[in-house]
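S.K.: One structure is given below, represented as structure tokens, and several questions about it will come after.
The values are calculated or read from the model by the stated rules, or taken from the named source; none is laboratory data. None of these values were measured; they are calculated from a predicted model. Here Cβ is always computed from backbone atoms with ideal geometry, including for glycine, and neighbour counts include all displayed protein chains.
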There are 2 protein chains.
Amino acid sequence: MNALSRVQINLLACTLLLGCTQVLSQDFEPLPKSAAQQGDTDEKIALGKKLYFDPRLSATGTVSCNTCHNLMEGGDDGRPTSMGVDGLTGPRNAPTVWNSVFQASQFWDGRVPTLEDQAKGPMVADVEMGMAGHDQVIGRIQAIPGYIRKFESVFGPSDAVTIENAVEAIAAFERTLITPDSAFDRYLSGDKVAMSDVQIRGMELFESTGCTECHSGPAFNGWQPGSDGEFVEFPRITDSTFVKKYDLISDLGRSNATGDRSDDHYFKTPTLRNITLTAPYLHNGRVGSLSETVRLMASTQLDAELSDDEVAELVAFLSALEGRFPEIALPRLPSRLGESVLQQPEAAKGFGDATGH
Amino acid sequence: MNALSRVQINLLACTLLLGCTQVLSQDFEPLPKSAAQQGDTDEKIALGKKLYFDPRLSATGTVSCNTCHNLMEGGDDGRPTSMGVDGLTGPRNAPTVWNSVFQASQFWDGRVPTLEDQAKGPMVADVEMGMAGHDQVIGRIQAIPGYIRKFESVFGPSDAVTIENAVEAIAAFERTLITPDSAFDRYLSGDKVAMSDVQIRGMELFESTGCTECHSGPAFNGWQPGSDGEFVEFPRITDSTFVKKYDLISDLGRSNATGDRSDDHYFKTPTLRNITLTAPYLHNGRVGSLSETVRLMASTQLDAELSDDEVAELVAFLSALEGRFPEIALPRLPSRLGESVLQQPEAAKGFGDATGH
């Protein structure tokens, strides 16, 4: 059976057997409206927010968590792969931080289980924030009296400024970064005009095509509370023309983390929440548009070839997953009264170029 | 007469002739509480704010106005000289954007008169935002439907997305970036306990030492409404030991802008508002601490040598110039539904490094 006919038969089965003019929604769940954990106090969240936005936690003083996971946009950086300190670039596309709490593991290869563990990585990754080690991160924080006071207030007066406490605060803030109340969620909760007809057709097609085999659950990533996470072979259909076109073979994915060859080309299923805001796409950021990505995924994962109308309907449905973003006040970052936080100024560069400040 | 004795005589004159226990404040003025211009509508300001925070206006998609003029901090970047796209660095220290409306000209060499003109520069400076030209900037904006709608709403439906309109909106936003109600302002307005005793002594010393010769007016930069701006020779005393130590000679300053040799080593007097938040200091960012900078300025400009106590008092006074920062909500940046705003993804880099996302 070719792919197109499978889609058609799925739709037919839905219509004939279930008598439905819309798909049953057992694969669909609304996004929870809170993900707070016990101990996520307002004060801890506020501290984590400052750290999240603070570029002084990078070697050059230019890169914060928000640089690659920009909360003004889709929680990513809009680049194929991220740019860290000194203009260095990494190998993978920045995943969105929005709703990242609704995952059983972090990074494309799922190499750490928690938001806390994730937050430790980029600070000391040479192509991201580029710090020599967590000791240097803590040294920067300890140089800023306002931070010491906040850490002591949140974590107690003894040995408050530690990397464990820093990432605990950052993760507490990240657990607030959720986007409920999308058109899709409102539709699910009974507001039948929240989605347009084309979005509803796209939703039906999303299920009947088989997308929900991986993209299920509240975040459309296979995750459920308490689950161990979903890793899926990508690409499954290696002779798809998309595989060579977008180099879907070079990155071995999860086996980089586990060392197990049977994990070659397995990746964590990414959330589709707000996916319209995070172009370009895939682990390598090689695909510039969502419509091409939809076409590609149907081909490489489901051996299905979609029509232009089907692609348009699926993209319309995915646009219904844009959630309500919380209002976030810009934090004030504590200062070090009249003293540089970065190391003493380097030698100034030449003055031949008059384009500077 | 050496410098120290001049300071002492000034203080003596103040005490004997004027019978004052505190300096008369003819050199001192409160910061205005608004700098809005006619036409600065809420809608225009909101558009300018989005543009100010949008890194997609840079070649790499990583550098926004806020990168070097960070509103979470002192309106600068805390670096000796700024880092733009691809890790490139410029020749000068980023001036604060806070209260930049209270200047007769912009940049260290005052090479443009307005905030609007200033905003055009960094977008196309190769070591800052690195765009090939303003046409490319406008092309990026025009690729984002949400921006087109905002521009048309603010500027009318015809030819709305132009660089002139973009910088008009950015400047309108920047005119809201003022920090009134510092301890000093409250002291001036009659709240005599707003400043501590040491800050008051510092204020008296600031005037008697001669700092107000240049650092006068509401922003402590010689500016008055309608003035043409103050340019001052720096360093004046070229045999000060500080001159060689911090390379105060290489940058010719204003003559870079005017081409007039008589402007060699002239610079625009920078504001001292929030100066405690903007280390490191001077046009070249070579001095890491404010106390050293105070010592240096006394030496190179006033031929004065200050005691440790005097330096501490002056720094204490300068800390009283930290203003009240407006609360700023993080803007939501408009997206391009499921399409990359940057150019099509470049070739992905190698995957040898597992430190990425």
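S.K.: Considering each of A:SER64, A:SER82, A:SER25 in turn, give the residue that is modelled with pLDDT under 95 and not hydrophobic (A, V, I, L, M, F, W, C).
M.R.: When all the criteria are applied, what remains is A:SER25.
S.K.: Could you tell me which numbered condition B:ARG56 fails, if it satisfies all but one of (1) on the phi < 0 side of the Ramachandran plot; (2) facing chain A (nearest Cβ under 7 Å); (3) outside any helix (DSSP H, G or I)?
M.R.: Among (1) on the phi < 0 side of the Ramachandran plot; (2) facing chain A (nearest Cβ under 7 Å); (3) outside any helix (DSSP H, G or I), the lone unmet condition for B:ARG56 is (3).
Listed here are the residues, each with its yes/no results for (1) within 17 Å of A:SER64 (Cα to Cα); (2) in contact (Cβ under 8 Å) with a residue 40 or more places away in the chain.
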position	(1), (2)
A:MET123	yes, yes
A:GLY133	yes, no
A:GLY139	yes, no
A:ALA143	no, yes
A:VAL161	no, no
A:GLU168	yes, yes
A:ARG175	no, yes
A:ASP181	no, yes
A:PHE184	no, yes
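S.K.: Please identify the pairs in which a residue from the range A:40-69 that is farther than 18 Å from A:GLY146 by Cα has its Cβ atom under 6 Å from the Cβ atom of a residue that is of a type in the set (Gly, Ala, Ser) and in a helix (DSSP H, G or I), counting only partners at least 6 apart or on another chain.
M.R.: A:ASP40/A:ALA172
S.K.: Would a scan of the range B:92-100 turn up a residue that is under 29 Å from A:THR276 (Cα atoms) and touching a residue at least 12 places away in the same chain (Cβ under 8 Å)?
M.R.: no
S.K.: Limited to the range A:184-199, what total is found for residues that are buried (at least 18 other Cβ atoms within 10 Å of the Cβ) and in contact with a helix residue (DSSP H, G or I) (Cβ under 7 Å, 6 or more places away or on another chain)?
M.R.: 3
S.K.: Separate question: Select from the range B:138-159 the residues that are surrounded by 14 or more Cβ atoms within 10 Å (Cβ to Cβ) and outside any helix (DSSP H, G or I) and list them in ascending order.
M.R.: B:ALA143, B:ILE144
S.K.: Filtering the range B:109-123 down to residues that are in contact with a strand residue (DSSP E or B) (Cβ under 9 Å, 6 or more places away or on another chain) and not in a helix (DSSP H, G or I), which residue is nearest to the other protein chains (Cβ to nearest Cβ)?
M.R.: Looking at residues that are in contact with a strand residue (DSSP E or B) (Cβ under 9 Å, 6 or more places away or on another chain) and not in a helix (DSSP H, G or I), I get B:ASP109.
S.K.: Filter the range A:264-294 down to the residues that are within 12 Å of chain B (Cβ to nearest Cβ) and of a type in the set (Lys, Arg), then identify the one that is surrounded by the fewest Cβ atoms within 10 Å (Cβ to Cβ).
M.R.: Step by step, filter the range A:264-294, then rank; the result is A:ARG286.
S.K.: Cβ contacts < 6 Å: first residue assigned by TED's automatic domain parsing to the domain that holds A:ARG273, restricted to the range A:223-240; second residue of a type in the set (A, V, I, L, M) and surrounded by fewer than 19 Cβ atoms within 10 Å (Cβ to Cβ), any location; separation 6+ or different chain. Result?
M.R.: Partner pairs satisfying both residue conditions: A:PRO235/A:VAL243.
Residue by residue, here is whether (1) of a type in the set (S, T, N, Q); (2) crowded, with 19+ Cβ neighbours inside 10 Å; (3) under 22 Å from A:LEU318 (Cβ atoms) holds:
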site	(1), (2), (3)
A:VAL167	no, yes, no
A:ILE178	no, yes, yes
A:ASP181	no, no, yes
A:ARG201	no, yes, yes
A:HIS215	no, yes, yes
A:GLN224	yes, no, yes
A:SER227	yes, no, no
A:GLU230	no, yes, yes
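S.K.: Which residue out of A:ASP86, A:ASP126, A:ASP135, A:ASP76 is of a type in the set (Asp, Glu), within 14 Å of another protein chain (Cβ to nearest Cβ), surrounded by fewer than 24 Cβ atoms within 10 Å (Cβ to Cβ) and not in a loop (DSSP other than H, G, I, E, B)?
M.R.: Only one candidate passes the filter, namely A:ASP86.
S.K.: Related question: Has the range A:300-311 got any residue that is facing chain B (nearest Cβ under 10 Å), under 27 Å from A:ALA183 (Cα atoms), modelled with pLDDT of 95 or more and not in a loop (DSSP other than H, G, I, E, B)?
M.R.: No, the range A:300-311 has no match at all.
S.K.: Name the residues in the range A:89-108 that are within 8 Å of chain B (Cβ to nearest Cβ), out of contact with any Ser or Thr (no Cβ under 7 Å at 6 or more places or on another chain) and not aromatic (Phe, Trp, Tyr), would you?
M.R.: Result: A:PRO95, single match.
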